[in-house]
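Only one structure is covered here, and it is reproduced in the block below.
The values are calculated or read from the model by the stated rules, or taken from the named source; none is laboratory data. Model, not experiment: these values are computed from the prediction. Because the Cβ atoms are built from the backbone with ideal geometry, glycine has one as well, and the counts that use them run over all protein chains shown. Surface areas here come from the heavy atoms of the whole protein model, side chains and all, with no ligands, DNA or RNA. Shrake-Rupley method; radii C 1.70, N 1.55, O 1.52, S 1.80 Å.
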Amino acid sequence: MLIALGVTGGIGAYKAVEVARGLQKRGHDVVAVMTPAATRFVGPVTFEAITRRRVITDQFEAGANADIEHIALASTIDLLLIAPATANIIGKLANGLADDFLSTLYTATRAPLLLAPSMNTQMFAHEAVRRNLDTLAARGVRFVEPGEGYLACGWIGKGRLAEPDEIVAAADAILRPAGPLRGRRILITAGPTLEDFDPVRFIGNRSSGRMGYAIAAEAARRGADVTLVTGPTSLEAPAVREVVKVRGAVEMHQAVMSRAGDMQIVVMAAAVADYTPVERADRKVPKGRDTLTLTLKRTPDILGDLGRQRLARGGGPLLVGFAAETEDVVAHAAAKREAKHADLIVANDVSRADAGFDVETNAVTIVGPDGAEPIPLQSKARIAAEILNRVERLLVTRSAEAGHHV
Ligand code: PMT
């Protein structure tokens, strides 16, 4: 979703930087619109670096009006969020004044407006401001109430800009219909693991990370709180709460097991090495011999350990594993589901050229408690959505069984 983040000239403007970041972490695209007064508190470059978009600061900037920018933006944004919103901008919006880019954008857009007011306590209580707020509320504008406490002006009372997390959550709530994944803590693994046997060489596999990254992006889009544990890839990580970069299987095991206790869902899309060299030479292994023998040992089975742990504790995260197979795909996947005590196994026929490792598309069979369901060839983004639809269904069923609402 595209959000125009309006920043006006209040001391809370610095918190808007955190708001922009938080919105991105939830998968939204942000364009910052700053009033001239806001630029006295925070530099536009800060927002530009974070949003990776040009920051709009001036309605009459040369070159910005070729497509009548406020009209172009007005018709593409999904939400106009103003944080902090000063008494001045509230007054302008309530009364239809349009003398700068932000107020013009408001009158031109049909996107919902969310305001996070911030001002001195007396100003917030002033009859003129109250009237303007009432006018906006009657128009359907939504608010994130300011907090109480010490204000920058030295007063104590109501008027401090709400915390960035609260503003982000309020924006997100307007944009997303509440689904079962919203607010759930989900850990997703992606990519290969690389098993080093000297300082420059390793044993690896062909996983690009695309499948796991697509699931992470889709989960974030659905409002989940996403942790992505990734082996080395060349992909840009989606904007999620935490990205943990690992290299080998042992490191991935440690990264997953140390976080799994806090998770409600774990999806293991990574192609974790089953074996790793027993020894890692400190120096580059010299060539010369005609053959080289490496002795390998089993790596920890991350999904297996998660399944065993859940069984032993009588509860834990919902577990989704993958199975990369070349024959008897569904039977092998069903066996893996049993052996690893997983809820769902996403079976990949990796003998196909258009599915599995290092391609843009995938075709899978999802093996769950109700049997096997084939999902035909499509983009990994859409496969990710299908997988998460099944996860959501399971969450709903489990909650109903446990007797509470999702
Ligand atoms: O990254 P891409 O290029 O997009 O390719 C996607 C993919 C083919 C890597 C992905 O769709 C996939 O199939 N991932 C799992 C690959 C795999 O390791 O399959 P497996 O059958 O060997 O393992 C079964 C399950 O156990 C997997 O969930 C795996 O993450 C997990 N596992 C495996 C070994 C191990 N030591 N620990 C594990 O947790």
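Brief remarks follow.
- Subset of the range 197-210 that is away from the ligand (no atom under 16 Å from the Cβ) and not aromatic (F, W, Y) - its residue that is most open to solvent (accessible area, probe 1.4 Å): V200
- G27 at positive phi and in a loop (DSSP other than H, G, I, E, B): yes
- So V278, is it away from the ligand (no atom under 13 Å from the Cβ), without any contact (Cβ under 8 Å) to a residue 60 or more places away in the chain and either under 25 Å from E392 (Cβ atoms) or touching a strand residue (DSSP E or B) at 6+ places or on another chain (Cβ under 8 Å) (or both): yes
- Near pairs, Cβ below 9 angstrom, 6+ apart or cross-chain, from the range 247-261 (without any contact (Cβ under 8 Å) to a residue 60 or more places away in the chain) to any residue that is among the hydrophobic types (A, V, I, L, M, F, W, C) and open to solvent by 40 Å² or more (accessible area, probe 1.4 Å): R247/F202; G248/F202
- In the range 32-60, residue surrounded by the fewest Cβ atoms within 10 Å (Cβ to Cβ) [restricted to those that are β-branched (V, I, T), touching a Gly at 6+ places or on another chain (Cβ under 9 Å) and in contact (Cβ under 8 Å) with a residue 40 or more places away in the chain]: T35
- At least 1 residues being farther than 21 Å from A38 by Cα and open to solvent by 20 Å² or more (accessible area, probe 1.4 Å) is the threshold, and among the strands (runs of 3 or more DSSP E) wholly inside the range 80-176 those reaching it are 147-150, 156-160.
- The single condition among (1) at pLDDT below 95; (2) within 9 Å of the ligand (Cβ to nearest atom) that R352 does not meet is (2).
- Boolean, K245 is basic (K, R), at pLDDT 95 or above and assigned by TED's automatic domain parsing to the domain that holds D358: yes
- A190 aliphatic (A, V, I, L, M), closer than 30 Å to V272 by Cα and surrounded by 15 or more Cβ atoms within 10 Å (Cβ to Cβ): yes
- The sole residue among R210, R206, R241, R222 that is more than 21 Å from the chain's Cα centre (by Cα) and touching a residue at least 24 places away in the same chain (Cβ under 8 Å) is R206.
- Enumeration of residues in the range 224-242 that are modelled with pLDDT under 95 and in contact with a strand residue (DSSP E or B) (Cβ under 6 Å, 6 or more places away or on another chain): A224, D225, V226, A237, V240, R241, E242
- Residue count for the range 211-237, restricted to those that are within 15 Å of the ligand (Cβ to nearest atom) and assigned to a helix (DSSP H, G or I): 8
- Flag for V250 being assigned by TED's automatic domain parsing to the domain that holds V359, more than 12 Å from the ligand (Cβ to nearest atom), at pLDDT 95 or above and closer than 17 Å to P192 by Cβ: no
- Out of G9, G63, one residue alone is surrounded by fewer than 22 Cβ atoms within 10 Å (Cβ to Cβ), of a type in the set (G, A, S) and modelled with pLDDT of 95 or more. It is G9.
- Inter-residue pairs, beta-carbon under 8 Å, first over 25 Å from L318 (Cα atoms) and in the range 344-361, second more than 7 Å from the ligand (Cβ to nearest atom) and of a type in the set (D, E), 6+ apart: S351/E327; A355/D349; T361/D354
- Residue identified as under 26 Å from L344 (Cβ atoms) and open to solvent by 40 Å² or more (accessible area, probe 1.4 Å) among V250, V267: V250
- In the range 10-31, the residues that are more than 27 Å from E218 (Cβ to Cβ) form Cβ pairs under 9 Å with partners that are of a type in the set (V, I, T) and part of a helix (DSSP H, G or I), at six or more places apart or across chains, as follows: A13/T39; Y14/T46; K15/I167; A16/I167.
- Where a residue in the range 296-319 is at negative phi and its partner, wherever it lies, is in a strand (DSSP E or B) and more than 14 Å from the ligand (Cβ to nearest atom), with Cβ under 7 Å and at least six apart: L296/P277
- Considering the range 320-340, and only residues there that are away from the ligand (no atom under 12 Å from the Cβ) and in contact (Cβ under 8 Å) with a residue 24 or more places away in the chain, the residue that is most open to solvent (accessible area, probe 1.4 Å) turns out to be E327.
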